[in-house]
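Just below is one structure, and these are the notes that go with it.
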Amino acid sequence: MKIEGSVALVSGGASGRGEATVRALVAKGAKAVIVDLAEDKGEALAAELGAGVVFRKTNVHDAGEVQAAVDAARALGTLRIAVSCAGVGWAARTLKRDGTPHPLDLFQQIIDVNLVGTFNVLRLATSAMSAADAVDGERGVVINTASIAAYDGQIGQAAYAASKGGVVGMTLPVARDLAKVGVRVCTIAPGTFATPMLATLPEEVRQALAAGLPNPSRLGDPAEFAALVCSIAENGYLNGEVVRLDGALRMPPK
């Protein structure tokens, strides 16, 4: 997939790994639609990057709002790249010490955003891609974001790990579903990255997380995530695969 001249839609694109992805794709000549709920950050990033980049305030779980974002992408040109970075995560044990069960609405909310929202973006973006002219037999590429929690979920991560495990699990069947229309699907499973979510943690906690990484012993840079997005987009033989991007980290129970 040639990034230059393509249109990309990036959910969660106003900050963290999503922002880095938007910047990397635009630097390579793509136009972009930033999809996020953070209106101030999204509008500021679109204004900074200039013509060919727009922001659409979007709840990824809402079919109408995502369709409007896809329509905005098509208005810019040919939508060929969709990257899902939007996600949420809270920690809660299955049972508290006093026997109180995990709140069901919290579990549902995390599934709705991380898994259903990812699929919602995927299904609507690929519908638009399927109508595009094929270039070298390819019409588009979708890159989803899971987490190493899909494999190494920690105590308190039942909902988060389940949501990301679902993203991992649908990667291959969706890639097979979309083979006939020439759309590839891959997933990145990142480890601990220097994102706004981690920035809220105390510095000593951040240092402890970095020290626990085998090599390199530091938090991941969102630009490294973005570089992998670009590599997947440009490598036409990479399909149906989940790539761990984690510095060889395997998460302990807690």
Taking region 175-190, which residues are buried (at least 21 other Cβ atoms within 10 Å of the Cβ) and either over 14 Å from Leu238 (Cβ atoms) or not hydroxyl-bearing (Ser, Thr, Tyr) (or both)?
Leu178, Val183, Arg184, Val185, Cys186, Ile188, Ala189, Pro190
Within region 118-147, residues being within 17 Å of Asp71 (Cα to Cα), buried (at least 22 other Cβ atoms within 10 Å of the Cβ) and among the small types (Gly, Ala, Ser) number 2
What are the pairs with Cβ atoms under 8 angstrom where one residue, in region 12-41, is farther than 18 Å from Val121 by Cβ and the other, located anywhere, is among the β-branched types (Val, Ile, Thr)? Sequence gap at least six, or different chains.
Ala24/Val229; Val26/Val53; Lys28/Ile3; Gly29/Ile3
Number of the condition not met by Ala149 [criteria: (1) touching a Lys or Arg at 6+ places or on another chain (Cβ under 9 Å); (2) closer than 29 Å to Lys28 by Cα; (3) of a type outside the set (Lys, Arg); (4) at pLDDT below 95]:
(2)
Looking at Ala47, Ala32, Ala82, Ala69 in this structure, which one is buried (at least 20 other Cβ atoms within 10 Å of the Cβ) and part of a helix (DSSP H, G or I)?
Ala69
Residues (small (Gly, Ala, Ser) and either touching a Gly at 6+ places or on another chain (Cβ under 6 Å) or under 18 Å from Leu122 (Cβ atoms) (or both)) located in region 69-91
Ala69, Ala72, Ala73, Ala82, Ser84, Ala86, Gly87, Ala91
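The values are calculated or read from the model by the stated rules, or taken from the named source; none is laboratory data. Not measured: the values here are computed from a predicted model. All Cβ positions, glycine included, derive from the backbone under ideal geometry; neighbour counts span all protein chains shown.
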